[in-house]
Amino acid sequence: MRRPTITDIAERVGVSKGAVSFALNGRPGVGEATRARILQVAKEMNWRPHSAARALGGARAEAVGLVIARPASTLGVEPFFAQLLSGLQAGLSTQSAALHLLIVEDAEAEMEVYRDWASAHRVDGFVMVDLKVGDPRIEVLEELGTPAVVLGGPGKHGSLSSVWADDREAMLSVVDYLAALGHRRIAHVAGLPAFRHTQRRTRALRDRAGRLDLEEAVSVHTDFSDSEGAAATRALLSRPRRPTAIVYDSDVMALAGLGVAGEMGMKVPDELSIVAFDDSVLTRIAHPAISALSRDTFAFGKQLAEVILEVIAEPGLRRDVKTATPRLVVRESTAPPGTWQGD
């Protein structure tokens, strides 16, 4: 006979899985009448918590682990991660869970932390970011059996749950917009090539270039830092036939690129259009303000928290949650290309 799950209880009572989780774990967030009904139905269905969801002695760690293998100096200036972490912790706080964050040097160190924290029951689950092609971290998390959610997709997460936005669709919207303005030479200052979202954005630009018959569509990879973003921009703008528009994979790099354009005497947007893949206060206060792909990153983090809490409450549950695609917000940094075309 199949073991009853939180989903079964939610369907019987007519409430959300989150409400069932709150009631079964003694958390605030549901009315007393609803809590009593949930507990009664759970008893009738002979529901029992999965043993893998408990830590030593049946007690949970009340914490979720996030290990990031990126230079701390780079993360420290990225508004995207600040908003994501704020939303993630806000979501975890609804169930009094903490976020254990550690920054390490590389993927090997990250996987070792997974093993250490899981064996010591330091956390009840993991959130994994910066999904890579053929990512070995997925197999490690599967072997550990600790609940985990991957930020990034779609697909190829093994048995792990995921929360993701469509980077390809977002990039296509930018390229279509720039092409509609009349840009025929578009460059992409991208992130690390091993990241799956970088590859999806790069491939989207290449695919659309063929359909739109662009003269040139080139991607240059960086480590997301302002220094490498500036260096890539300087190299692109030093070409005999330089791009008339550049798309940056982060707001920090877009701001650095704007500075380089000014340094080289190029007017934005008259001689160069700039678009950032992330939106933040940096893009809004720049002069000119930078066109950007915008989303509610804080809400994105909260949704990530909701999914990992569900997976912790019901080990074996697999969620694949597609969030809203970032939308292009047009500001002063984009315009039709000027008369100078580098001919």
Rounded to the nearest 20 Debye, what is the dipole magnitude of the stretch 176-286 about its Cα centre when Lys and Arg each give +1 and Asp and Glu each give -1 at the C-beta? 400
What's the magnitude of the charge dipole for the stretch 223-264 around its Cα centre, counting Lys and Arg as +1 and Asp and Glu as -1 at the beta-carbon? Answer in Debye, nearest 20. 380
Per residue, accessible area of the stretch 245-333 with a 1.4 Å probe, heavy atoms of protein chains only, in Å², comes to 38
Of Lys132/Lys322; Lys132/Lys267; Lys267/Lys322, which pairs sit farther than 30 Å apart, going by alpha carbon to alpha carbon? Lys132/Lys267; Lys267/Lys322
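Show Met253, Met45 ordered by accessible area, largest first, where the area counts protein heavy atoms only and the probe is 1.4 Å. Intermediate values should be presented prior to the final figure.
Working: Met253 0, Met45 40 Å².
Accessible-area ranking of Met253, Met45, largest first: Met45, Met253.
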Cα to Cα, under 13 Å, and not fewer than 8 places away if on the same chain: which aspartates and glutamates meet these conditions relative to Lys302? Glu310
Counting only DSSP beta bridges with both residues in the chain, tell me the antiparallel percent, nearest 5. 10
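Under 8 Å for C-alpha pairs, at least 6 residues apart: give me the relative contact order for the chain, rounded to a whole percent.
Contact order relative to length: 19 percent.
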Listed by chain and number, the residues whose amide H is under 5 Å from that of Val329, excluding neighbours fewer than 5 places away on the same chain and using placed H, are Ala292, Leu293, Ser294
Cα gyration tensor of the stretch 158-241, axes a ≥ b ≥ c as square roots of the eigenvalues: rounded (a/c below 1.5), prolate (a/b > b/c) or oblate? oblate
Entry for semi-axes √(5λ) of the Cα gyration tensor in Å (calculated from the structure that is shown) out of [x] 33, 26, 20; [y] 30, 23, 20; [z] 44, 20, 17: [z]
Got a number for the accessible area of Arg331? Probe 1.4 Å, square angstrom, nearest 10. 50
Lys/Arg +1, Asp/Glu -1 at C-beta; the chain dipole; positive extreme among Ile312, Gly31, Ala61: Gly31
Phi-derived 3J(HN,Hα) across the stretch 292-306 with the Karplus relation (6.51, -1.76, 1.60, θ = phi - 60°), rounded Hz, x for Gly and Pro, is 8, 7, 10, 7, 8, 5, 4, 5, 4, x, 5, 5, 4, 5, 4
So with the 1.4 Å probe, I'd like the accessible area per residue for the stretch 168-207, rounded to whole Å². 33
Is it possible to state the helix-based mean residue ellipticity at 222 nm for the chain, with each DSSP H run of 4+ residues giving -39500 (n - 2.57), the sum divided by total residues, to the nearest 500 deg cm²/dmol? What is it? -13500 deg cm²/dmol
Might you report the magnitude of the Cβ-based charge dipole of the chain about its Cα centre, with Lys and Arg at +1 and Asp and Glu at -1, to the nearest 20 debye? 960
Each label point is 7 Å from the Cα along the Cα-to-Cβ direction; what then is the distance between the points at Glu44 and Glu62, in nm? 3.2
Label point 7 Å out from Ser96 along Cα-to-Cβ: which residues of the stretch 19-37 have amide N under 11 Å? 26-28
Tally Lys/Arg at +1 and Asp/Glu at -1 over every other residue whose Cβ is under 13 Å from the Cβ of Ser333; what's the total? -2
Measure nothing fancy, just the Cα-based angle from helix 251-263's long axis to the longest principal axis of the chain, in degrees from 0 to 90, nearest 10. 10
Just the number, please: carbon plus sulfur as a percent of the accessible area of the chain, 1.4 Å probe, no ligands or DNA/RNA counted. 52
Mind telling me which of Lys132, Lys156, Lys302 comes out most flexible in a GNM of the chain, alpha-carbon contacts under 10 Å? Lys156
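The values are calculated or read from the model by the stated rules, or taken from the named source; none is laboratory data. Keep in mind it's a predicted model, so treat the numbers as computed, not measured. FYI the Cβ positions are ideal-geometry reconstructions off the backbone, even for glycines, and counts take in every protein chain you see. Calculation scope for accessible area: heavy atoms of the full protein, side chains included, ligands and nucleic acids excluded. Shrake-Rupley method; radii C 1.70, N 1.55, O 1.52, S 1.80 Å.
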